[in-house]
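The values are calculated or read from the model by the stated rules, or taken from the named source; none is laboratory data. All values derive from a computational prediction rather than experimental measurement. So basically every Cβ, Gly included, is an ideal-geometry build from the backbone, and we count neighbours across all protein chains shown. Note: accessible area is taken over every heavy atom of the protein model, side chains too, but ligands, DNA and RNA are not part of it. Shrake-Rupley method; radii C 1.70, N 1.55, O 1.52, S 1.80 Å.
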Amino acid sequence: MKKYNFNAGPSMLPREVIENTAKQILDFNGSGLSLMEISHRAKDFQPVVDEAEALIKELLDVPEGYSVIFLGGGASLQFTQVPANFLIKKAAYLNTGTWANKAEKEAKLYGEVVEVASSKDANYTFIPKDFSVPADADYLHITTNNTIYGTEIRKDLEVSVPLIADMSSDIMSRPVDVSKYDCIYAGAQKNMSMAGVTVVILKNDKLGKAPRELPTMMNYCTHVEKGSMFNTPPVVPIYSLLETMRWVKAQGGVEAMDKLAKQRAEIVYGEIDRNKLFKGTVAEEDRSLMNICFVMNEEYAELEKPFFEFATERGMVGVKGHRSVGGFRASCYNAQTIEGCNALVQAMQDFEKKY
């Protein structure tokens, strides 16, 4: 039976990315050595880093004066590395979900943090709007997509202070005006690669201004100056990222990804809104195109487990909601297909007919 991968992350990758990476794991560039065992200093690997960096800059139209680096530690390490490098006196945070909340908590270790708005009391079912940001804030931190609750900020905010964004789960899914940001970071295991590498885009003239002595590995300057090669980088995930960026470019870039994201969401949300058994969980204007969250309508609550089993039998993988919220979640990152979305909708319709 064909499987349809709706996992929230690590998530679905294009098949050709998996196959091409697998080939290099067996024999990297005809060297007779596996990609897993070569030195990151090998002459054949530097071009991988260079091309991956160049493609990210090309696809996101990154302006001059920015660096792209590849780090370990996931977005969770960035929760602390960002304020360590950028928080001078005061930082502003928008609390829109679990990961935004975690980032805010880490920032408090480095200085004053102002929470400009939060939807926590409403179980993160909407993105706060019309909030004010202190003019003297060093930056405003936002989490553009909330994987657990299924809300998304799909535009670049207009604020009077520098922006820093965790774009882990929607980077490369739409055009972004990078010039509005001092830093964009993303754990790659949603839209860019396999788990193990974190992409960080940095505005160079904002680096090196922290009023504290930083451990060498925590200092962004270390990694920018050494071209992500200060220590051994995650070689296989970086290669997988390169293949994914080649794939995104071949599909038509982030504009094409944006169009596909809207098509997938229209298919799945359309069925959620039509089907009497299901309902969405967040404000319609803030619905994520990456993580489509839904539950059973109250009168059919007892059918949650039967539907999960039914969908699993139909080949749906990873449709159970996050353990903290329950329900269902169909993650539709760049590699998700229209076929997969239609298969999920067919399962929802067939289940409705049973009940």
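Summary of computed values
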{"read-out": "Residues located in segment 243-283, provided they are in contact with an Asp or Glu (Cβ under 9 Å, 6 or more places away or on another chain), part of a helix (DSSP H, G or I) and in contact (Cβ under 8 Å) with a residue 12 or more places away in the chain", "value": "GLU243, MET245, ARG246, TRP247, LYS249, GLY253, VAL254, ALA261, TYR269"}
{"read-out": "Residue within segment 297-313 that is β-branched (Val, Ile, Thr), closer than 18 Å to SER169 by Cβ and out of contact with any His (no Cβ under 9 Å at 6 or more places or on another chain) present", "value": "no"}
{"read-out": "Residue among LEU60, LEU77 that is open to solvent by 40 Å² or more (accessible area, probe 1.4 Å) and at pLDDT 95 or above", "value": "LEU77"}
{"read-out": "Test: residue in segment 143-163 that is under 14 Å from the mean Cα position of the chain (by Cα), under 23 Å from GLU284 (Cβ atoms) and without any contact (Cβ under 8 Å) to a residue 40 or more places away in the chain", "value": "yes"}
{"read-out": "Which numbered condition ALA347 fails, given (1) open to solvent by 10 Å² or more (accessible area, probe 1.4 Å); (2) more than 23 Å from the chain's Cα centre (by Cα)", "value": "(1)"}
{"read-out": "Pairs, first surrounded by fewer than 18 Cβ atoms within 10 Å (Cβ to Cβ) in segment 13-28, second aliphatic (A, V, I, L, M), C-beta under 7 Å, six or more apart", "value": "ILE25/LEU35; ILE25/MET36; ILE25/VAL236"}
{"read-out": "Strands (runs of 3 or more DSSP E) wholly inside segment 95-200 that include at least 1 residues being open to solvent by 50 Å² or more (accessible area, probe 1.4 Å)", "value": "112-118"}
{"read-out": "Selected residue (only one of ASP130, ASP136 is modelled with pLDDT under 95 and among the acidic types (Asp, Glu))", "value": "ASP130"}
{"read-out": "Any hit, segment 276-289, residues being buried (at least 17 other Cβ atoms within 10 Å of the Cβ) and within 22 Å of LEU13 (Cα to Cα)", "value": "yes"}
{"read-out": "Failed criterion for VAL295 (all others in (1) under 17 Å from LYS320 (Cα atoms); (2) in a helix (DSSP H, G or I) hold)", "value": "(2)"}
{"read-out": "Scan of segment 252-267 for residues that are under 20 Å from LEU13 (Cα atoms) and either touching a strand residue (DSSP E or B) at 6+ places or on another chain (Cβ under 9 Å) or open to solvent by 90 Å² or more (accessible area, probe 1.4 Å) (or both), ordered by number", "value": "GLU255, LYS259, LYS262, ARG264, ALA265"}
{"read-out": "Residues located in segment 307-349, provided they are within 17 Å of THR281 (Cα to Cα) and in a loop (DSSP other than H, G, I, E, B)", "value": "VAL319, GLY321, HIS322, ARG323, SER324, VAL325, GLY326, GLY327, CYS332"}
{"read-out": "All positions within segment 29-50 that are out of contact with any His (no Cβ under 9 Å at 6 or more places or on another chain) and either polar (S, T, N, Q) or surrounded by fewer than 14 Cβ atoms within 10 Å (Cβ to Cβ) (or both)", "value": "ASN29, GLY30, SER31, GLY32, SER34, MET36, GLU37, SER39, ARG41, LYS43, PRO47, ASP50"}
{"read-out": "Qualifying position, being out of contact with any helix residue (DSSP H, G or I) (no Cβ under 8 Å at 6 or more places or on another chain), open to solvent by 30 Å² or more (accessible area, probe 1.4 Å) and closer than 30 Å to LEU35 by Cβ, among GLU225, GLU299", "value": "GLU225"}
